[in-house]
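Read-outs: derived from the displayed coordinates by stated rules, not from any lab. The shown structure was predicted, so the numbers you read here are calculated from the model rather than taken from an experiment. Virtual Cβ from ideal backbone geometry, glycine too; neighbours counted across all protein chains shown.
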């Protein structure tokens, strides 16, 4: 194979030994896990808001953002549970562009996965220590989940990964909720098949070991819109889409039939301001239908300090260098509107 081996990376166990999670933080994370789990099982009627930057590219800006988010959480704690997106792996459609902090701790320097592993663990742990938030990240590489599994409380599998066998099998061994996005084609059966697979136990190969899992009952769906064969975005957050998903769920033998609606990506055609309208429409559908209220457990929103997006070289603090995001003022207002709109 024409592959250059750069260096052997530390194992998850070695990284955790080097940067151990303090017992105090482990207790906070365990309590967050319980609270989030109760939402997916229906024991709690709180609503999830998974919110944060498209990509967590700057540790100080991410901590600034999540510190602000923690203050808002206090205001809406009786109705909402916020989970900050701290996304450190970025899928690229063409393979080009910024691939996240795991690959490039500094977006303007050369890639270094070795440095990236240290950087992402440090940032996730700092968010937990300074804000009390356990985090959400994307499972872009199944074998990398173990570097952060003691800190994260939510995992998303993207549209380009949801049909991958290894992603599904690894999800079956995760101890926290895992959201399976619909593929870019929009085929809901692919997403639902992934949920069935991840809720089932398996035996497979992982990191040179034969392993066994017992299934993850908290695996659920994420609607993120689709793309037609002509490249047009096809939203799937409308009332009819949610009822369809509810009915498709009833045909399958799964636990905790649940859905999160991603308000950006193909649902908004990456028009980030549309997230506000989309979230409000989803809340209206929940108020109108008991089935949809039972199904939709939360929303996912891309949000940062400054609105929009920028090129890496522009150096605007707290502004996305990947997909455009809502700015802080709109984000704070939207969170409060969500809390008020649950009635």
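Put a dot 7 Å past each Cα toward the Cβ at residue 9 and residue 77; how far apart are the dots in nm?
Rounded to a tenth, the inter-label distance reads 3.7 nm.
What is the pair-distance distribution P(r) of the chain, computed from all Cα-Cα distances in 10 Å bins starting at 0, with each bin given as a whole percent?
Taking all Cα pairs of the chain, the binned fractions are 6, 26, 37, 24, 6, 0 percent.
Divide, for region 21-119, the radius of gyration over alpha carbons by 2.2 N^0.38 Å, where N is the residue count. Mind dumping the intermediate values first?
Numbers: Rg = 16.2 Å, N = 99, 2.2 N^0.38 = 12.6 Å.
So region 21-119 has a normalised radius of gyration of 1.29.
Give me the extension gain from residue 41 to residue 204: residue separation times 0.36 nm, minus the current Cα-Cα distance, reported in nm with one decimal.
This chain segment gains 55.9 nm when fully extended.
Ordered by packing density, taken as the mean number of other Cβ atoms within 10 Å over each peptide's residues, highest first, how do 69-78, 166-175, 183-192 rank?
The most tightly packed comes first, giving 166-175, 183-192, 69-78.
If I model a spin label as a point 7 Å beyond the Cα along the Cα-Cβ vector, how far apart are those points for residue 175 and residue 343 in nm?
4.0 nm
Tell me the label-point distance for the pair residue 214, residue 60, using the 7 Å Cα-to-Cβ offset, in nm and rounded to one decimal.
4.6 nm
Under 12 Å from a label point 7 Å along Cα→Cβ of residue 96: give me every residue in region 140-171 with its amide N that close.
none
Compute the Kirkwood hydrodynamic radius of region 186-307, taking the inverse of the mean of 1/r over all pairs of distinct Cα atoms, and give it in Å to one decimal. Present the calculation step by step, with values, prior to reporting the outcome.
Details: mean 1/r = 0.0636 Å⁻¹.
So the Kirkwood estimate lands at 15.7 Å.
Of all DSSP beta bridges located in region 130-224, what percent are antiparallel, nearest 5? Please list the in-between numbers first.
On the way: 4 of 14 bridges.
The answer is about 30 percent antiparallel.
Translational diffusion coefficient, Stokes-Einstein: compute it for region 115-258 using the Kirkwood radius over C-alpha pairs as Rh, at 20 °C and 1.002 mPa s, and state it as an integer in µm² s⁻¹.
Numbers: Rh = 16.1 Å.
The estimated diffusion coefficient comes to 133 µm²/s.
Based on the mean of other Cβ atoms within 10 Å per residue, sort peptides 249-260, 114-125 so the most packed one is first. Spell out each step's value before the answer.
Working: 249-260: 17.4, 114-125: 20.4.
Per-residue Cβ counts within 10 Å, averaged per peptide and sorted highest first, yield 114-125, 249-260.
May I ask you to derive the FRET efficiency for residue 312 and residue 230 from their Cβ-Cβ distance with R0 = 30 Å, giving the value to the nearest 0.05?
On the way: r = 31 Å, r/R0 = 1.03.
Result of the calculation: an efficiency of 0.45.
In whole Å, how far is the Cα centre of region 201-230 from that of region 157-178?
Region 201-230 and region 157-178 have Cα centres spaced 2 Å from each other.
Could you tell me what percent of the DSSP beta bridges with both partners in the chain are antiparallel, to the nearest 5? Walk me through the numbers before you get to the answer.
Working: 7 of 37 bridges.
Of those bridges, close to 20 percent are antiparallel.
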